[in-house]
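Where a number appears in this text, it was derived from the coordinates with a stated rule and is not lab data. Nothing here was measured: the structure is a model prediction, and the numbers come from that model. FYI the Cβ positions are ideal-geometry reconstructions off the backbone, even for glycines, and counts take in every protein chain you see.
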Amino acid sequence: KNQVEQSPQSLIILEGKNCTLQCNYTVSPFSNLRWYKQDTGRGPVSLTIMTFSENTKSNGRYTATLDADTKQSSLHITASQLSDSASYICVVSVAGGYNKLIFGAGTRLAVHP
Amino acid sequence: EPEVTQTPSHQVTQMGQEVILRCVPISNHLYFYWYRQILGQKVEFLVSFYNNEISEKSEIFDDQFSVERPDGSNFTLKIRSTKLEDSAMYFCASHRDGNTEAFFGQGTRLTVV
């Protein structure tokens, strides 16, 4: 069964600190892995997309890594800001067909001053 | 920046009534999706739509649900006879092809009373 598991479920950090969120997946066939940021009550917004051959991709203070062998990904947030408070969702796209997206449950991040 | 727009932002309906949720995808996109997110839970795939027909649907997408692209721009999700458990945020998404960013709308919050 195609699944995406994320940890931790929630995280509290102080403004300015770094943090790393984890994602494990069992999706086959694999097409790509995406990280989304979702503010409460809003639609998800894409942060990064990585295909099988990409190990790391950055978007400003966000850096995602992908290990396709172990089927793990991480999202590292550097120098956190209050506006980073949101849910971060790992999403894996199933290859073939119409690239259905399999969502993880997300990590709820709270950045405190 | 192009965006996916959804209307209404919030819909309250009585159990058993029909509702139509509307979406305007980004104009040059070819793949369209509906997802839902029950409060406090993860985003779940409902249906994908390509070339004016359903390409894949989940087990959630039963006979009560239907999708249409009536005029080449709007993309609608109809729920024929709403149930209490249909209460959720419904997100429309579109993308150009499988390895490009999927853009999500801001969602319609459906409340069935």
Exercise. How far is it, in nm, from the label point at residue A:18 to the one at residue A:59 when both lie 7 Å from their Cα along the line to the Cβ?
Worked result: 2.0 nm
For this session: Tell me the chymotrypsin sites (Phe, Trp or Tyr not before Pro) within the stretch A:1-87 that lie in a loop according to DSSP and have at most 13 other beta-carbon atoms within 10 Å.
Result: A:52
Problem set entry | HN-Hα J in Hz across the stretch A:101-107 - Karplus 6.51, -1.76, 1.60, θ = phi - 60°, x for Gly and Pro | 9, 9, 9, x, 7, x, 10
Exercise. Taking H as built 1.01 Å from N, whose amide H comes closer than 5 Å to the amide H of residue A:48, not counting residues under 5 places away?
Worked result: A:35
For this session: For peptide A:59-67, compute the average count of partner chain beta-carbon atoms within 10 Å of each residue's beta-carbon.
Result: 0
